[in-house]
Amino acid sequence: MGIERRVTIYDGPGGPFEGMAIADPAAGPRPGLLLIPNVLGTKEDDFLRGEKIAALGYSVFVADVFGQGKRPTRDDPDRARYMTELNNDRTLLKARLGVSLDALKAMPETDPSKCAAFGFCFGGKCVLDMARAGLDVKGVVSFHGVYDAPPYPNVTPIGPKVLVCHGWDDPLCPPDATAALAKELTEGKADWQIHAYGHTGHAFTDESVNMPGQHFGYSPDADRRSWKASMDFLEEIFA
């Protein structure tokens, strides 16, 4: 039948939420991937990325952690307002991540025992919080995420494997923040990797971003390398 999209409305604290299920409905249950977008929330770019991943034999659910209809645009001067609300309430964010993971596992195409999460920018922070909270995933990949720890204690040991794909010149996560994340994950007894890409800033997977003077922008090399690393990571955790 090929890859199909299904708009999915689901409930949770502050909801309703509107995510997108992406899978080949003709195939049997397979590993599932929760995809968590950047500051702008769910959008066409995320759905296209989800289709690319689904074509490799996964089911994908693009999570909505902001709420139905809360979709800022890139030219909105207050585009970070929904992200800021969740940055200020990481316990609420954790709860919304949990119900989004439940939506992925409820897809008939998903094997609920084999799930992982990818996150981009703010979504990168989200997947790290999933690992910190001990949500039931095999692994998480943070692409140019943000690394500050939540105010609640981490589970120990941190169960999900962690891959961090990081632009070394990212102004949101300078070297001391990256080292602090490595220390945190080590103390949490996590199985972790950090791949740092030189001469690379924030949002390196986003072709629409080009602010080199601010160290924000697309890097085709880092995009390609991080994609390959993430695909190898999925093969490893689902072997």
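The values are calculated or read from the model by the stated rules, or taken from the named source; none is laboratory data. Keep in mind that what you see is a predicted model, and the values were worked out from it rather than measured. All Cβ positions, glycine included, derive from the backbone under ideal geometry; neighbour counts span all protein chains shown. To get the accessible areas, we keep the full protein, side chains included, count just its heavy atoms, and leave off ligands, DNA and RNA. Shrake-Rupley method; radii C 1.70, N 1.55, O 1.52, S 1.80 Å.
Listing for the model above:
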{"quantity": "Amide H contacts under 5 Å for residue 115, placed H, 5+ residues apart", "calculated": "32, 138"}
{"quantity": "Those lysines that a straight Cα-Cα span of less than 20 Å connects to residue 138, excepting residues fewer than 8 apart in one chain", "calculated": "94, 105, 114, 125, 161, 189, 228"}
{"quantity": "Accessible area of the chain belonging to carbon and sulfur atoms, whole % at 1.4 Å probe", "calculated": "54 percent"}
{"quantity": "Under Karplus coefficients 6.51, -1.76 and 1.60, residue-wise ³J(HN,Hα) of segment 92-108 in Hz, glycine/proline x", "calculated": "5, 4, 4, 5, 5, 5, x, 6, 5, 4, 4, 5, 4, 5, 7, 5, x"}
{"quantity": "Most to least packed among 58-66, 130-138 [average Cβ atoms within 10 Å]", "calculated": "58-66, 130-138"}
{"quantity": "Within straight-line cross-link reach of residue 70, lysines at Cα separation under 17 Å, skipping those fewer than 8 residues along the same chain", "calculated": "43"}
{"quantity": "Surface per residue (accessible, 1.4 Å probe) for the chain, Å²", "calculated": "43 Å²"}
{"quantity": "J(HN,Hα) series, segment 129-143, from Karplus relation 6.51 cos²θ - 1.76 cosθ + 1.60, nearest Hz, glycine and proline x", "calculated": "5, 4, 5, 4, 7, x, 5, 7, 10, 6, x, 9, 10, 9, 9"}
{"quantity": "Per-residue HN-Hα couplings for segment 158-167 [Karplus 6.51, -1.76, 1.60; θ = phi - 60°; Hz; x = Gly/Pro]", "calculated": "6, x, x, 5, 10, 10, 10, 9, 10, x"}
